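Colleague: Sharing a structure below in C-alpha cells format, with a few things to ask.
The values are calculated or read from the model by the stated rules, or taken from the named source; none is laboratory data. Since this is a predicted model, take the numbers as computed values, not measurements. Ideal geometry is used to build each Cβ from the backbone, glycine not excepted, and the neighbour counts take in all protein chains shown.
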C-alpha cells in the first residue's frame, strides 16, 4: 500500500512538474516588455523640436526624448520608402532582402524580426503604411494602406478584404491602433505593435484641426534654399526635386485629391482661398516665387507633422491611463530624412545629411536613463536586432545590424562601428538622383556616383551643409585614400561586391 501510494504521489509530482514547465513560458512572456514602434514617413529630424528645430514644436515627441534616449547619429542605409522598411524588417541591406527600389515587392516569407517575435510568443500587429506590395502575413493583425495611401478617407487592406474609413488618415490610423490595444489584443501576452503613419509624405495635405496652423507666420528659410550646387559634382545639378521648378499643383494645393467628400473639399478650399487669391494677384516671379512656394510647402509639411505629434499624445495618454506605459517600450522613428527646402529641394534619396539622417527616440522605463543622448553611429539596419533583444529573443547571425540595447543601457561596446555604409539604386526614376554609394564616419563622408564615376568628399566638421566637396583637394589626399579603403572594406563586409544591380532601362 505504501509503495502504491508513493508511486501515485510520484506520478502526481511528475504531472505537476510537467504542468509547471508548461506554464512557465507563458509567465515569462507576461513579463517581457511590449514594444510600440511609431513610424512616420519622411519626417526629418530638423522638423522635431527635440532635435533643435527652428521651425516647429513637437511636444509629444519631445516628451519621449525627455523620458528616454535621443539618438543624434541614426542613418538610413538607402533613403527611400520601401527599401528602408525592408531593411528594418530583416536587419539586412537592400541587396540581401531583395528590395532595392520602390518597385520591388517584399518577399514576406523571408526571415523578419516579426516572424521571430511571433514564434517566441509575441502577438504582432501593424496599422498604417506598409508600402511593400505583398500582404504583411507575418503579422497576427494587419490593417495597411493601399500603396502610399491618401490623406483623407483611407482604404485599408485587411485579411478579409478592403475597408474604407472616412476621416483624416493620421487620426484614423490612431483610432485603429487604440481600438486594437483596447479591444482586440490578448492582454495576457506581450505585443509588438507597428503604428505607421502616411504623414508627412508628399503631397502634405493637413488635417482639419491643423489647416490654419502657421497661417500668419513666416517660417524661417534654410540658409541653402538658393544653393547653386557649384561645390559638388554634376549629379546635384540635374535632379528634378526643386522647389523652384518641380512642385505640382497638388503640392501647392491649387488642386485637391479626388477622393474628398464635398464637406472636406469645401473646408480645405476655404482654408487656402485667401492665400491663393493673394498669390494670383501678386504674381510673384524669380526668387519671390520660390519663397512663396517654400512657405506653402513647409507650412503644409509641418501641419502634417503636428497631426502626428497630436496623435502620439493620444497614444501616450492611453498607455498612462491603462498602466501599460510601465512595461512598454515606445520607439519613434521615420523611414528616412527629408529636404525641407535645404539645397532648394524637397524629397530624399541622397546620402546628404538632411536625407540620410533619421530620427530615433526610445523610451524604455527602468532601462533607459531619461533625457539621455547617444552620439554613436547607428542605422535602421540595427532596428531588427534591437527589437529581438528587447524581447529576449536570440538575434540570428545572418542579420547585418547590431542590437542597440547596450547603447540604450548607456554602454557603448568597445568595437562599435566607426563608419556606416550607404547605397541608393533607384535611377533612372522620379527625381533623377544618380545611383550612389558611400561611407560616413563621425567627421567625413565619401560618396561615389558609380554610373558616372564622380566622387564627393565632405569634411562635416568644417562644412556641415555639404556645400564644397574636397575630393580633389591635396590637403585631403590621405583622408580620401583612407575612406576609399574603408568603403572597399564595408562592401566586402556586407557582401555588396557581387550584389544584384537593378537593370538600367534603355530609354526613359
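Colleague: In region 340-382, what count of residues is obtained for those that are touching a helix residue (DSSP H, G or I) at 6+ places or on another chain (Cβ under 7 Å), part of a strand (DSSP E or B) and over 17 Å from residue 445 (Cβ atoms)?
Modeller: 4
Colleague: Where in region 395-508 are there strands (runs of 3 or more DSSP E), lying wholly inside it, with at least 2 residues that are within 25 Å of residue 72 (Cα to Cα) and within 21 Å of the chain's Cα centre (by Cα)?
Modeller: The qualifying strands (runs of 3 or more DSSP E) are 420-424, 436-440.
Colleague: Please find, among 256, 319, 289, the residue that is modelled with pLDDT of 95 or more and part of a loop (DSSP other than H, G, I, E, B). Give the derivation first.
Modeller: Working: 319 fails: part of a loop (DSSP other than H, G, I, E, B); 289 fails: part of a loop (DSSP other than H, G, I, E, B).
Residue meeting the stated conditions: 256.
Colleague: OK, next. When you look at residue 219, is it under 24 Å from the mean Cα position of the chain (by Cα), touching a residue at least 60 places away in the same chain (Cβ under 8 Å) and either surrounded by fewer than 11 Cβ atoms within 10 Å (Cβ to Cβ) or within 19 Å of residue 304 (Cα to Cα) (or both), yes or no? Steps first, please.
Modeller: Details: under 24 Å from the mean Cα position of the chain (by Cα): no; touching a residue at least 60 places away in the same chain (Cβ under 8 Å): yes; either surrounded by fewer than 11 Cβ atoms within 10 Å (Cβ to Cβ) or within 19 Å of residue 304 (Cα to Cα) (or both): yes.
No.
Colleague: Also, I was wondering about something else. Touching a residue at least 60 places away in the same chain (Cβ under 8 Å), buried (at least 24 other Cβ atoms within 10 Å of the Cβ) and within 23 Å of residue 115 (Cβ to Cβ): which single residue out of 362, 393 fits that description?
Modeller: The match here is 362.
Colleague: Looking only at residues in region 366-390 that are more than 22 Å from the chain's Cα centre (by Cα) and in contact (Cβ under 8 Å) with a residue 60 or more places away in the chain, which one is surrounded by the fewest Cβ atoms within 10 Å (Cβ to Cβ)?
Modeller: So the first thing to find is which residues in region 366-390 are more than 22 Å from the chain's Cα centre (by Cα), and the list is 366-367, 369-370.
If we keep only those that are in contact (Cβ under 8 Å) with a residue 60 or more places away in the chain as well, we get 369-370.
Details: 369: 13, 370: 11.
Among those residues, the one meeting the criterion is 370.
Colleague: Shifting gears a bit: Looking only at region 471-508, how many residues end up being touching a strand residue (DSSP E or B) at 6+ places or on another chain (Cβ under 9 Å) and at pLDDT below 90?
Modeller: 1
Colleague: Then there is this: From the list 451, 446, exactly one residue is assigned by TED's automatic domain parsing to the domain that holds residue 342, under 15 Å from residue 235 (Cβ atoms) and surrounded by fewer than 17 Cβ atoms within 10 Å (Cβ to Cβ). Which is it? Give the steps one after another, and end with the answer.
Modeller: On the way: 446 fails: surrounded by fewer than 17 Cβ atoms within 10 Å (Cβ to Cβ).
Of the residues listed, the single one that is assigned by TED's automatic domain parsing to the domain that holds residue 342, under 15 Å from residue 235 (Cβ atoms) and surrounded by fewer than 17 Cβ atoms within 10 Å (Cβ to Cβ) is 451.
Colleague: Something else about it: Only one of (1) in contact with a helix residue (DSSP H, G or I) (Cβ under 8 Å, 6 or more places away or on another chain); (2) more than 20 Å from residue 171 (Cβ to Cβ) fails for residue 287. Which number is that?
Modeller: For residue 287, the failing item is (1).
Colleague: Does residue 326 count as touching a strand residue (DSSP E or B) at 6+ places or on another chain (Cβ under 7 Å) and either assigned by TED's automatic domain parsing to the domain that holds residue 422 or assigned to a helix (DSSP H, G or I) (or both)? Please lay out each step first, then the result.
Modeller: Values: touching a strand residue (DSSP E or B) at 6+ places or on another chain (Cβ under 7 Å): no; either assigned by TED's automatic domain parsing to the domain that holds residue 422 or assigned to a helix (DSSP H, G or I) (or both): yes.
No: the conditions fail for residue 326.
Colleague: I've got another one for you. Please verify whether region 71-88 includes one or more residues that are under 16 Å from the mean Cα position of the chain (by Cα) and under 25 Å from residue 185 (Cβ atoms).
Modeller: yes
Colleague: Name the residues in region 55-93 that are within 24 Å of residue 442 (Cβ to Cβ) and out of contact with any strand residue (DSSP E or B) (no Cβ under 7 Å at 6 or more places or on another chain), would you? Walk me through it before giving the result.
Modeller: First pass over region 55-93, keeping only residues within 24 Å of residue 442 (Cβ to Cβ): 65, 68-79, 84, 87-88, 91, 93.
If the condition is that a residue be within 24 Å of residue 442 (Cβ to Cβ) and out of contact with any strand residue (DSSP E or B) (no Cβ under 7 Å at 6 or more places or on another chain), then 84, 87, 88, 91, 93 are the ones that fit.
Colleague: Among the residues of region 242-281 satisfying the criterion of being touching a residue at least 40 places away in the same chain (Cβ under 8 Å) and farther than 28 Å from residue 153 by Cβ, which is surrounded by the most Cβ atoms within 10 Å (Cβ to Cβ)?
Modeller: Looking at residues that are touching a residue at least 40 places away in the same chain (Cβ under 8 Å) and farther than 28 Å from residue 153 by Cβ, I get 243.
Colleague: Suppose we filter 216, 171 for residues that are outside any strand (DSSP E or B) and modelled with pLDDT under 95; which single one remains?
Modeller: Values: 171 fails: modelled with pLDDT under 95.
On inspection, the qualifying residue turns out to be 216.
Colleague: Further question on the same structure: All but one of (1) assigned to a loop (DSSP other than H, G, I, E, B); (2) out of contact with any strand residue (DSSP E or B) (no Cβ under 6 Å at 6 or more places or on another chain); (3) over 23 Å from residue 115 (Cα atoms) hold for residue 187; state the number of the condition that does not hold.
Modeller: (3)
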